[in-house]
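The values are calculated or read from the model by the stated rules, or taken from the named source; none is laboratory data. None of the values given here were measured: they were computed from a predicted structure. Here Cβ is always computed from backbone atoms with ideal geometry, including for glycine, and neighbour counts include all displayed protein chains. With ligands, DNA and RNA removed, areas are computed over all heavy atoms of the protein, side chains included. Shrake-Rupley method; radii C 1.70, N 1.55, O 1.52, S 1.80 Å.
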Amino acid sequence: AGGGDIPVPAPIVWKDLIFFNSAHGRYAPLMAVNNSASGKIPYPKRNAEPADEFAWFHEREGAYMSSVLVYDSLLYRLRWNGNLSCFDPRTGEMIYSEHVKNYSFIASPVASGGKLYLVAEEGIVHIVKAGKEYKEIMRIPLGGVSLVTPGIAEDMIIFRTADRLIGVGR
């Protein structure tokens, strides 16, 4: 119960935790729920400790459109406004928060080969080094608007724009 009034992002399961994330309406929660939780889980009251079903809870760290990503034991959250934050998925401690660029980001982040791929709505791929420090490696224009989360297959990443399907591999 509670959270954003239109939860769009998909829940993500990692080890014994389920991450929920939303940000539309009064709340913008980012939370880790223990996989053993069952039944109705009470939404934490402001400034109160969350119920035992929660590993951790942030009332205002969620994202409206994109799902979180857990990669190499770090949790990444990308907001619509280009804010990328990295968290310890066990404790919820924020490791960093950086502003990628003044674009809108609808697609969820993906990762492969030690890199995060963040696709801006304007069709620019921001490639960021995965890890506890923010470092942008490069930007690649796709040549068209993109609202779609990239797909990753063996030795290939696939991007989609409004009028192109782009496969990048060896």
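Listed values, structure above:
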quantity: Karplus-derived 3J(HN,Hα), 6.51/-1.76/1.60, for each residue of the stretch 130-147, Hz, glycine and proline x; calculated: 6, x, 7, 10, 6, 8, 7, 8, 6, 10, 10, x, 8, x, x, 4, 9, 10
quantity: Radius 13 Å from Cβ of GLY169, net charge of other residues (Lys, Arg +1; Asp, Glu -1); calculated: -1
quantity: Residue-wise HN-Hα coupling along the stretch 100-108, computed from phi with Karplus coefficients 6.51, -1.76, 1.60 (Hz; x: Gly, Pro); calculated: 5, 5, 7, 10, 9, 10, 9, 5, 6
quantity: 1.4 Å probe accessible area per residue over the chain, in Å²; calculated: 54 Å²
quantity: Dipole moment magnitude, nearest 20 debye, the stretch 98-152 about Cα centre, only Lys, Arg, Asp, Glu C-beta charged; calculated: 200 debye
quantity: Qualifying trypsin sites (Lys or Arg not before Pro) in the stretch 27-98, DSSP loop, other Cβ atoms within 10 Å at most 13; calculated: LYS40, LYS45, ARG46
quantity: Correct choice for P(r) over Cα pairs in 5 Å bins from 0, in percent that was computed from the model, options [x] 1, 7, 11, 15, 18, 17, 15, 10, 4, 1, 0; [y] 2, 9, 18, 21, 20, 14, 9, 5, 3, 1, 0; [z] 1, 8, 16, 17, 16, 13, 12, 9, 6, 2, 0; calculated: [y]
quantity: Simple Cβ-charge dipole of the chain, Lys/Arg +1 and Asp/Glu -1, about Cα centre, in debye nearest 20; calculated: 240 debye
quantity: Around LYS15: net Lys/Arg minus Asp/Glu count, Cβ-Cβ under 14 Å; calculated: -2
quantity: Estimated dipole of the stretch 37-84 in Debye, rounded to 20 [Cβ of Lys and Arg +1, of Asp and Glu -1, Cα centre]; calculated: 260 debye
quantity: Carbon and sulfur %, accessible surface of the chain computed with the full protein complex present, 1.4 Å; calculated: 50 percent
quantity: Anisotropy class of the stretch 73-119 from Cα gyration tensor, a/c 1.5 cut; calculated: oblate
quantity: Contact order relative to length of the stretch 46-170, as percent, for alpha carbon pairs under 8 angstrom and 6 or more apart; calculated: 15 percent
